Amino acid sequence: MKTIHVAAASVNQIPLDWEGNLSRILKVIEEARGLGVSMLCLPELALTGYGCEDAFMMPNTVERAEQMLGAVKAASEGMVIAVGLPWRHHHTMFNVAAVLANGELLGLVGKQHLAGDGLHYEPRWFSEWPRNEVVVTTCLGQEVLLGDLMFEVGGIRFGFEICEDAWSADRPGSALSAYGLDFVLNPSASHFAFGKQRLRERFVNEGARAYGCAYIYANLLGNESGRVVFDGGPMISNAGDLVSYGDRFSFKDHTLITANVDVEVNRTKQVATASRRVEVSDHVGLVQSYWELPADHKAPSPHVDRPEWSKEEEFAHAIGLALFDYMRKSYSRGFVVSLSGGADSSAVSCLVKIALDLALSELGENGVRERLQYMQLSESSADWMKALLVCVYQASKHSGDATEQSAEELAKYLGAEYQIWEIADLVEGYTSMVSKGLGRELTWETDDVPLQNIQARVRAPGIWMLANVRSALLLATSNRSEAAVGYATMDGDTCGGLSPVAGIDKAFLREWLVWLETVGSERIQQVPALNYVNNLQPTAELRPADHGQTDEGDLMPYPVLDAIERAAIRDKRAPQDVLTLMGDRFDQYEHEQLKQWVIKFFRLWSRNQWKRERYAPSFHVDDENLDPKTWCRFPILSGGFQKELSELQ
């Protein structure tokens with residue numbers, strides 16, 4: 001029996017935070033050394049941060065990363081460490097993993113498949129490393145190999161799949177396994193999306209099974225650069241069985257998992273596999289070190305079952321962590337929300353409370369105070385919600401008692417500071433001023449949209465001012481369903497520096513609020529005060545009460561809207577195909593009604609791209625995002641599907 005103690009880490013980094021990033025990595029190494037770890041895998045681009053964007057093109061970025069690598073090299077005594085960084089060769093940038101062993105730099109492995117879809121733009125900054133290509137480069141003052149490498153340290157063989165490499169049909173590990181692998185290391189920067197962890201677990205286990213070895217998967221953690229949330233969740237699989245997994249959505253600076261792997265057992269299984277493809281000569285990029293990797297005779301780690309997360313839990317944990325990280329990394333002194341009493345602003349307010357509760361449960365009061373030391377929090381955490389969240393109900397003459405009660409009850413339950421502002425005089429002042437300029441009275445019969453919009457826009461200056469006075473972050477409250485059709489007042493309910501729920505559809509948001517009121521989870525407490533919100537029909541309350549305004553009355557039922565959006569935007573279907581699909585799915589509605597809703601969607605989608613371009617940054621939570629910066633590009637000016645809509649049958 002030859003058992004190797006291996007580890008995978010998740011680290012919460014910040015792009016271009018040289019001292020902070022290095023400090024967090026060195027703390028991971030220190031903890032791993034204390035646990036007797038022989039091999040440690042750190043995440044992709046962990047030295048620089050994954051979200052450096054065009055700063056990857058700056059020579060300074062690579063130079064700083066190389067300096068940091070020197071510090072990691074010095075800290076690698078007694079173990080093998082893999083860590084990701086950008087590297088230039090022949091005036092070309094590559095995404096690489098550096099391998100350090102017992103104080104020596106052994107080589108740099110190039111990423112072979114770049115993520116270039118969805119929110120990923122890796123081909124903008126990096127070039128793919130070609131299979132079987134190996135060159136010499138100079139790093140840390142020495143010549144080392146760069147490219148498609150395989151390593152042998154004291155007889156232990158290991159290779160790499162760097163993030164997207166493992167998602168490709170042509171996985172590098174498949175070719176490497178023919179030379180006899182003991183370990184595959186996967187340094188990743190894999191963003192959160194609903195249900196994605198199960199997919200990761202599949203390729204980790206399948207890689208370990210197919211290659212007949214152990215698979216070590218590391219991932220980044222937290223809201224690293226603004227929009228993207230990394231959920232961590234490192235994993236170690238042995239021969240197809242998960243033997244260790246780490247926390248997801250941790251508020252700690254890093255998480256570390258370990259496992260004991262008996263390499264002799266795996267080698268015997270490889271020998272016994274008759275269908276295994278074998279290469280009898282050494283790999284073209286084999287790097288050998290005769291330093292003996294520490295081993296012991298401990299029992300190998302057994303299979304473990306990873307707990308399942310519901311979609312509601314994933315959403316709460318992802319946005320909670322994202323809000324907390326965004327606040328502390330931007331040095332904002334809490335949040336301000338214009339709380340209408342409706343679903344969107346109520347969800348945003350609850351998510352701030354969830355962020356604080358989760359941080360306290362994991363870090364404790366001292367840990368939260370340390371991360372928010374710039375805020376000088378009070379002694380008792382019971383008062384912290386008032387410091388972190390201010391909710392303001394801005395009442396117009398069309399606001400109802402039900403929404404005011406809903407807002408007040410929720411704010412009190414959450415422990416937030418609560419204020420009520422009257423905006424009727426401000427609305428009247430602007431309306432009167434414009435009426436005089438036009439030389440006529442503005443009426444609901446002739447000026448419906450302008451009269452609605454001024455009520456939303458007049459709320460913006462005061463709430464912005466409050467956020468400025470408090471040096472806090474103003475949170476916008478629009479959701480993805482509204483973004484799809486532009487059902488939001490620009491510089492009104494869209495105003496804010498961050499839009500936490502702009503990536504989630506209204507139908508799910510309403511379901512999530514009911515879950516939060518009545519179910520919750522072990523770590524997320526129920527919010528009974530949401531009973532008021534959940535019993536209200538969503539309405540903008542921008543028309544007089546006798547108009548009976550509702551969101552779905554203005555638009556269409558949210559489930560229909562969301563289904564049209566997915567078919568049209570996610571699946572790129574033409575209007576006629578969308579109408580056919582809606583007819584099959586929503587047979588309770590007349591064909592003509594569905595036709596009118598499809599027409600309305602495509603027209604509103606096309607004319608409101610300019611609004612989506614101006615939305616505050618939102619968090620990416622699923623692979624159906626409408627954010628033009630990260631996921632869904634569409635022209636601001638277009639033909640608007642006029643020909644297609646005229647041909648609908």
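The values are calculated or read from the model by the stated rules, or taken from the named source; none is laboratory data. Please read these numbers as outputs of a predicted model, since none were measured by experiment. We place every Cβ from the backbone using ideal geometry, glycine too, and count neighbours over all the protein chains shown. These accessible areas exclude ligands, DNA and RNA; they are computed on the full protein's heavy atoms, side chains included. Shrake-Rupley method; radii C 1.70, N 1.55, O 1.52, S 1.80 Å.
Odds and ends about this structure:
- Within segment 130-147, the only residue that satisfies the criterion of being open to solvent by 20 Å² or more (accessible area, probe 1.4 Å), touching a residue at least 24 places away in the same chain (Cβ under 8 Å), polar (S, T, N, Q) and in contact with a strand residue (DSSP E or B) (Cβ under 8 Å, 6 or more places away or on another chain) is GLN142.
- Among residues of segment 491-500 being open to solvent by less than 30 Å² (accessible area, probe 1.4 Å) and either in contact with a Ser or Thr (Cβ under 7 Å, 6 or more places away or on another chain) or of a type outside the set (A, V, I, L, M) (or both), the one that is farthest from GLU308 (Cα to Cα) is GLY492.
- The one condition in (1) without any contact (Cβ under 8 Å) to a residue 24 or more places away in the chain; (2) buried (at least 21 other Cβ atoms within 10 Å of the Cβ) that SER478 fails to fulfil: (1)
- Residue list for segment 38-74, filter: open to solvent by 10 Å² or more (accessible area, probe 1.4 Å) and among the β-branched types (Val, Ile, Thr): VAL62
- Total residues in segment 202-223, condition open to solvent by 10 Å² or more (accessible area, probe 1.4 Å) and either of a type outside the set (Lys, Arg) or under 12 Å from the mean Cα position of the chain (by Cα) (or both): 6
- Residue match in segment 331-338 (condition: open to solvent by 10 Å² or more (accessible area, probe 1.4 Å), in a helix (DSSP H, G or I) and modelled with pLDDT of 95 or more): no
- Given (1) part of a helix (DSSP H, G or I); (2) surrounded by fewer than 21 Cβ atoms within 10 Å (Cβ to Cβ); (3) polar (S, T, N, Q), index of the condition SER127 fails: (1)
- Test: residue in segment 350-357 that is closer than 30 Å to ASP491 by Cα, open to solvent by 40 Å² or more (accessible area, probe 1.4 Å) and in contact (Cβ under 8 Å) with a residue 40 or more places away in the chain: yes
- Of note, HIS591 does not satisfy the criterion of being in contact with a strand residue (DSSP E or B) (Cβ under 7 Å, 6 or more places away or on another chain) and either at negative phi or open to solvent by 10 Å² or more (accessible area, probe 1.4 Å) (or both).
- Within segment 501-514, being touching a Ser or Thr at 6+ places or on another chain (Cβ under 8 Å) and within 17 Å of GLY320 (Cα to Cα) holds for VAL501, ALA502, GLY503, LEU513.
- Of all residues in segment 384-399, those that are within 21 Å of ASN366 (Cβ to Cβ) have Cβ atoms under 6 Å from Cβ atoms of residues that are of a type outside the set (Val, Ile, Thr) and surrounded by fewer than 22 Cβ atoms within 10 Å (Cβ to Cβ), 6 or more apart or on another chain, in TRP384/LEU377; MET385/GLY415; LYS386/GLU417.
- The residues of segment 624-649 that are open to solvent by 70 Å² or more (accessible area, probe 1.4 Å) and under 20 Å from GLU122 (Cα atoms), listed by number, are LYS629, TRP631, ARG633.
- Residues being closer than 27 Å to LEU509 by Cβ, of a type in the set (A, V, I, L, M, F, W, C) and out of contact with any Leu (no Cβ under 7 Å at 6 or more places or on another chain) - total across segment 426-475: 6
- Segment 80-102, subset closer than 27 Å to ALA7 by Cβ and of a type in the set (Val, Ile, Thr), residue surrounded by the fewest Cβ atoms within 10 Å (Cβ to Cβ): ILE81
- Count - residues of segment 103-119 that are without any contact (Cβ under 8 Å) to a residue 60 or more places away in the chain and either closer than 22 Å to ASN625 by Cβ or open to solvent by 30 Å² or more (accessible area, probe 1.4 Å) (or both): 5
- Taken as a whole, segment 478-490 holds at least one residue that is in contact with a Leu (Cβ under 6 Å, 6 or more places away or on another chain), among the β-branched types (Val, Ile, Thr) and over 30 Å from LYS329 (Cβ atoms).
- The set of residues from segment 230-244 being touching a helix residue (DSSP H, G or I) at 6+ places or on another chain (Cβ under 8 Å), among the aliphatic types (A, V, I, L, M) and either surrounded by fewer than 24 Cβ atoms within 10 Å (Cβ to Cβ) or not in a strand (DSSP E or B) (or both) comprises ALA239, LEU242.
- When segment 416-430 is filtered for residues that are touching a residue at least 40 places away in the same chain (Cβ under 8 Å) and more than 20 Å from GLY341 (Cα to Cα), nothing remains.
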